[in-house]
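Down below is the structure, laid out as structure tokens.
The values are calculated or read from the model by the stated rules, or taken from the named source; none is laboratory data. Note that this is a predicted model, so its numbers are computed, not measured. As a convention, Cβ positions derive from the backbone with ideal geometry for all residues, glycine included, and neighbour counts pool all protein chains shown. Areas reflect the complete protein model, heavy atoms only, side chains present, ligands, DNA and RNA absent. Shrake-Rupley method; radii C 1.70, N 1.55, O 1.52, S 1.80 Å.
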Amino acid sequence: MGSSTVELGIVSTGTAFGERRSVAGTAADYVPDPEAVLALGYTSYHRAAEGTTATRLAADASREALEMAGLGIGEVDLIVLGNSDVPEYLGWDPSAALARELGSRETPTVLLAQSCAAWSVALDHAAGAMALSPETGTVLVVLVNVVSEAHTNRMEFNGSIASDGAVAAVLRRDHPRLRRLSSARTTNPEYADLFRIEYGGAAAPLPPQGSTDLVVDPMARVYRHFGRDPERFQGFMREIGDRLAAVVDTALARAGRERGELARVIHLNDSRQAIANAAEALGVPLDRTNARLAAELGHMGAADQLVCLWKHIERGELAKGDLVALVGVAAPGMHWFCTLIEI
């Protein structure tokens with residue numbers, strides 16, 4: 001996917017998080033070996049209060065973004081929602097539920113469920129909608145992640161600590177700031193099953209008697225896939241870095257830019273080592289990534305990159321004209337993705 005044929009930028013952003021929790025203070029509630037979790041480098045994460053749904057967090061973030069933009073929901077031409085965890089119900093459209101929560105009566109909605117890559121797809125969809133329809137001038141993009149603790153252990157699923165939060169962004173045609181320049185993505189379907197949730201879907205609606213999703217070791221399938229062969233697994237780890245560098249270079253080429261122009265690389269809020277590996281693959285210093293923010297926020301699924309982008313701006317760590325690469329690796333999938341933003 002190449003550059004958009006229309007210019008668009010982010011007018012405003014809103015966020016909504018669960019309650020902040022200490023990793024050191026709560027790790028023992030989730031895992032038998034808290035030291036292994038602490039070694040990931042996280043200091044805190046966010047957990048939604050009992051009864052707080054993904055729809056509610058998404059709506060709270062959306063209201064803040066709309067208020068910051070001085071807009072009502074009736075002035076939005078399209079709502080794009082990315083939900084990166086288990087939805088509240090099966091056979092149900094969270095994007096329509098979000099529109100209802102916001103008081104919309106006719107705004108079209110789109111739901112994206114491409115796990116941690118949904119934010120990149122959402123921005124591309126907004127650009128495509130504007131390119132295809134001159135009437136589409138303002139798009140509300142919302143990304144939300146609320147962990148279903150009945151399905152996964154937020155500290156023992158994919159090498160990160162999952163966190164509950166939402167971010168909403170108002171995108172407008174021809175807006176001169178926070179401009180989306182280009183994007184690139186790739187997928188290796190060989191790894192499609194590595195991090196799936198085993199029970200609850202149509203193939204296996206119910207777990208065996210006496211079992212739950214929580215007793216399924218999420219890494220067991222990974223070990224089986226690589227035949228417990230360390231060399232094959234190391235090859236997989238190299239592929240993660242190589243493909244990430246490739247999508248960044250593709251996005252830069254599409255925008256006519258170079259790696260040396262990058263002011264910051266914002267990865268998904270992965271472990272300290274994973275972000276260090278990504279920085280090494282891209283040839284950028286760790287202090288020009290979001291490693292510190294990731295440790296404070298936890299992994300908010302598809303919301304990570306836009307949350308961190310706004311946090312870096314709020315902290316004065318990005319200035320007008322800076323070039324930023326929003327990047328990540330999404331599993332299940334697996335997908336590698338990059339979107340370039342000019343501040």
Taking TYR45 as the residue in question, decide whether it is among the aromatic types (Phe, Trp, Tyr) and either at pLDDT below 95 or open to solvent by 40 Å² or more (accessible area, probe 1.4 Å) (or both). no
Would you check if there is a residue in segment 59-74 being in contact with a helix residue (DSSP H, G or I) (Cβ under 6 Å, 6 or more places away or on another chain), open to solvent by less than 20 Å² (accessible area, probe 1.4 Å), within 22 Å of GLY137 (Cβ to Cβ) and aliphatic (A, V, I, L, M)? no
Filter segment 296-334 for residues that are open to solvent by 20 Å² or more (accessible area, probe 1.4 Å), at pLDDT 95 or above and either of a type in the set (Asp, Glu) or under 21 Å from ALA162 (Cα atoms) (or both) and give the result. GLU296, TRP310, LYS311, GLU314, GLU317, ASP322
Taking into account only those residues within segment 105-141 that are of a type in the set (Ser, Thr, Tyr) and closer than 28 Å to SER163 by Cβ, which is most open to solvent (accessible area, probe 1.4 Å)? THR109
Quick one: is ARG228 in a loop (DSSP other than H, G, I, E, B), on the phi > 0 side of the Ramachandran plot and open to solvent by 40 Å² or more (accessible area, probe 1.4 Å)? yes
Restricted to segment 84-104 and to residues being assigned to a helix (DSSP H, G or I) and in contact with a Lys or Arg (Cβ under 9 Å, 6 or more places away or on another chain), the residue surrounded by the most Cβ atoms within 10 Å (Cβ to Cβ) is ALA99
Within segment 1-31, track down each residue that is open to solvent by 70 Å² or more (accessible area, probe 1.4 Å), modelled with pLDDT of 95 or more and not acidic (Asp, Glu). ARG20, ARG21, ALA24, ALA28
If we keep just the residues of segment 257-294 that are among the small types (Gly, Ala, Ser) and outside any helix (DSSP H, G or I), which is most open to solvent (accessible area, probe 1.4 Å)? GLY283
Does segment 200-212 contain any residue that is touching a helix residue (DSSP H, G or I) at 6+ places or on another chain (Cβ under 6 Å), surrounded by 12 or more Cβ atoms within 10 Å (Cβ to Cβ), modelled with pLDDT of 90 or more and closer than 28 Å to LEU98 by Cα? no
Across segment 48-58, what is the total count of residues that are open to solvent by 40 Å² or more (accessible area, probe 1.4 Å) and either among the hydroxyl-bearing types (Ser, Thr, Tyr) or within 13 Å of ALA303 (Cβ to Cβ) (or both)? 1
Is segment 154-165 home to any residue that is farther than 20 Å from LEU293 by Cβ and open to solvent by 10 Å² or more (accessible area, probe 1.4 Å)? yes
